[in-house]
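K.L.:
The structure that follows is given in the form of structure tokens.
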Amino acid sequence: ALEAASSDLIWISPIQQALDHGFAPLGLADMWNGGGSVLSCSFTPGSSRNTPAAAAATADGDGDGSNSSRSGRTGGGSPAAVAALQVKGCGRFLAYSSARPSRVLLNLTSHNFVYDEYTQRLEFEVPQTSDLLHEVEVLYH
């Protein structure tokens, strides 16, 4: 048996490519098996996606949904690439992103996020709901 705090847990997630962007979901950071919270992930060019969230992002085009001091506003229009995830659970979600996303949508609603350009870390909070299942889309313009 391992003693408490005597080991490290390492998560490995493949980097998916779409156009010139890379994306890898790591999962819920404060869980022992946080990677298990990612039920599915696809990363595709935006023009090949026809989801309600991508359509909503095109329709309102209001920028990035982030109130981080590192955020900047970007234009609307069809996203160049979309990472679509199903996440089960709640808490702090982490992902690798080679570029700063323009928006993060959580259950079809624009959601706040933080992106660190130096580490290329994307982070956002997944709220607790009754069924714990969330649809997430990360949009790149």
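K.L.:
Quick one: which residues, 5 or more positions from His21 or on another chain, have an amide H under 5 Å from its amide H? H modelled 1.01 Å from N in the peptide plane, none for Pro or chain starts.
P.N.:
Close amide H contacts, sequence-distant or interchain: none at all.
K.L.:
On average, how much accessible surface per residue is there in the stretch 78-117, in Å², for a 1.4 Å probe, leaving out ligands, DNA and RNA?
P.N.:
For the stretch 78-117, the solvent-accessible area averages 34 Å² per residue.
K.L.:
Here's another thing I want to ask about it. At what distance in nm do the modelled label points of Leu108 and Trp11 sit from each other, each positioned 7 Å from its Cα along Cα→Cβ?
P.N.:
Calculated label separation equals 2.7 nm.
K.L.:
In nm, what is the difference between 0.36 nm times the number of residues separating Asp20 and Thr44 and their Cα-Cα distance?
P.N.:
7.5 nm
The values are calculated or read from the model by the stated rules, or taken from the named source; none is laboratory data. The model shown is predicted, which means the values in this text are computed figures rather than measured ones. So basically every Cβ, Gly included, is an ideal-geometry build from the backbone, and we count neighbours across all protein chains shown. Heavy atoms of the whole protein, side chains included, go into the accessibility calculation; ligands, DNA and RNA do not. Shrake-Rupley method; radii C 1.70, N 1.55, O 1.52, S 1.80 Å.
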